[in-house]
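Here the structure is laid out as structure tokens; the discussion comes afterwards.
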Amino acid sequence: MSTNWLTVLPPLVAIVVVLWRREVILALFMAVFTSELLQQSSVFLGIPLSGLATLERIIEVFEDKDNARILIFSLMIGALLAFIRQSGGVTAMVSSIIRRGIARNPRQAALLASGVGVAVFVESNLSVLTAGILSRGIFDRFGLSRAKLAYIIDSTSAPICILILLNAWGAYILILLNSYEFEVTAAQVLWGTIPLNFYALVTLLIVLFTAWTGKYFGPLARSEVKANNVDAAQLQIEATHPAYMLVPLIVMVVGMIGFMIWTGDGVMANGSGSRSVLYATALACLVAYLMMIAGGRFNHIKLVKIGFEGMGELLPLVTIVLFSLALGSSLKDLGTGIFIAGLVGDFLPLYMVVPMLFLAGALISFSTGTSWGTFAILIPIGVPLIQTLGLPPSLVLAAILGGGVFGDHCSPISDTTAVSSIASGCDILEHVRTQLPYALVAGFITLLIYMAVSLVYL
């Protein structure tokens with residue numbers, strides 16, 4: 001397709017719309033529509049034909065089995081999270097840890113909050129909810145402010161989810177990569193980002209240092225313990241047994257590893273991420289369902305209702321996944337990536353490409369409040385740079401992923417920011433104000449590292 005400057009219009013439309021309306025779904029849809037409009041030959045019939053072409057482009061997403069699997073998985077993970085929450089397993093786990101007196105001083109309390117966030121790496125919001133609910137009373141007991149709790153759980157959840165990729169984050173990114181060709185498999189490119197995702201690594205190191213030493217700086221150091229009157233009823237459900245939470249999560253994680261090995265003929269790196277995560281999630285849902293039926297507190301009809309309500313909670317996310325896949329396909333036909341790669345090669349020093357992608361990811365994520373939407377916009381731009389300029393694929397992808405998480409940590413409209421505030425019982429504006437200096441320090445360090453790595457290897 002045409003390789004002129006108009007090919008950059010669709011991603012620009014997406015960025016402008018998210019900055020203007022702060023709405024990722026509308027931005028992605030308008031970007032797809034704009035891309036299809038540019039591919040029409042008729043001037044007068046362009047707009048109506050583009051509308052029809054946009055619908056057809058979205059429908060084409062389902063023709064790929066991997067795409068269909070990830071969309072179904074995205075719905076099923078909502079059902080699984082709802083089962084775990086409504087079963088009382090999370091509440092029981094919290095009560096068990098508090099009753100056993102695992103945390104005996106402020107250091108252990110802070111490390112426990114961070115450790116729980118690491119352990120529950122299957123989903124970022126579940127991670128912050130579990131760690132927040134678990135640690136609120138403990139932080140109060142040792143005179144630690146809720147702002148400190150909010151910082152610890154928020155700055156642990158997303159970085160660990162983007163590093164331990166056996167979860168929805170990994171499956172989502174993998175499906176965005178599957179439509180492109182690399183010298184190695186998409187799974188190998190994704191696994192290669194782990195040691196190169198410097199923002200996630202630096203952020204986790206800062207959290208660990210802060211929790212271990214008890215040394216805080218900036219507004220967080222001056223945060224005070226306040227009376228917390230957040231209604232815990234919205235977070236608390238009658239406790240049953242920790243197994244209702246632990247067993248399905250263990251089944252999902254172990255199942256995904258097993259299915260990756262099975263679908264890869266004994267080699268995990270060669271496994272199918274979309275098949276493995278779907279099979280593992282389905283198995284975990286089945287286990288959770290059977291456990292809740294056997295417990296006698298739920299019947300089939302009630303569990304079906306709980307499952308569909310959980311799926312409904314993730315419908316906006318599924319829509320983002322769907323539109324992002326359609327946008328990637330449309331931009332590929334339009335030739336956007338090739339044109340941008342040419343511009344970058346002509347005007348931007350090669351060593352600045354990776355740092356600029358990191359900053360672009362941070363800006364988009366900060367403006368939209370969603371790192372996943374950022375991945376959907378930037379991966380279709382970044383991958384052609386890899387292919388045209390010969391950049392290391394894992395390094396470029398790591399910069400995009402890290403930038404998305406960085407912007408998410410700074411954004412007051414991020415869902416993780418809101419959930420962290422609710423789970424910790426901290427005012428959302430106080431949480432943003434106290435976490436921002438830490439995120440900026442980690443982001444600045446990361447930018448310097450990417451510049452240094454690029455100077456050495458590119």
Per residue, the convex hull enclosing the alpha carbons of segment 5-457 has a volume in Å³ of 146
By Cβ neighbour count within 10 Å, fewest first, Trp262, Trp5, Trp212 rank Trp5, Trp212, Trp262
Expected sort for Asp140, Asp154 with the fewest Cβ neighbours (10 Å cutoff) up front is Asp140, Asp154
The FRET efficiency for Tyr351 and Arg107, from their Cβ-Cβ distance with R0 = 41 Å and rounded to 0.05, is 0.50
FRET efficiency for Trp20 and Asp333 from the Cβ-Cβ distance with R0 = 25 Å, rounded to 0.05, comes out at 0.40
Once the in-chain neighbours fewer than 8 apart are removed, the lysines whose Cα is under 24 Å from Lys215 read Lys148, Lys226
Total charge of the residues flanking Ala187 in space, meaning their Cβ is under 15 Å from its Cβ, with Lys and Arg +1 and Asp and Glu -1, is -2
Computed over the chain: longest principal axis from alpha-carbon atoms vs helix 415-424 long axis, angle to nearest 10 degrees, is 10
Computed over the chain: longest principal axis from alpha-carbon atoms vs helix 124-141 long axis, angle to nearest 10 degrees, is 30
Between the Cα axis of helix 146-163 and the main Cα principal axis of the chain, the angle (0 to 90°, nearest 10) is 50
Taking 0.36 nm per residue of separation between Ile445 and Val254 and subtracting their Cα-Cα distance, the length gained on full extension comes to 65.3 nm
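If Lys and Arg each add +1 and Asp and Glu each add -1, what is the summed charge of the other residues whose beta carbon sits under 10 Å from the beta carbon of Pro106?
With Lys, Arg at +1 and Asp, Glu at -1, the net is +4.
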By the mean-Cβ-within-10 Å protection proxy, highest first, 430-439, 386-395 rank as 430-439, 386-395
Expected unfolding gain across Phe62-Phe308 under the 0.36 nm per residue rule, minus the alpha-carbon gap, is 86.4 nm
Straight-line reach check, Lys65, cutoff 25 Å on alpha carbons, 8 or more apart in-chain or any other chain, hits among lysines -> Lys332
So the FRET efficiency between Ile261 and Ser96, C-beta based with R0 = 30 Å and rounded to 0.05, is 0.40
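Laboratory data are not the source of any read-out in this text; all were calculated from the coordinates shown. For clarity, every value in this text was computed on a predicted model and none was experimentally measured. All Cβ positions, even for glycine, are placed from backbone atoms using ideal geometry, and neighbour counts span all protein chains on display.
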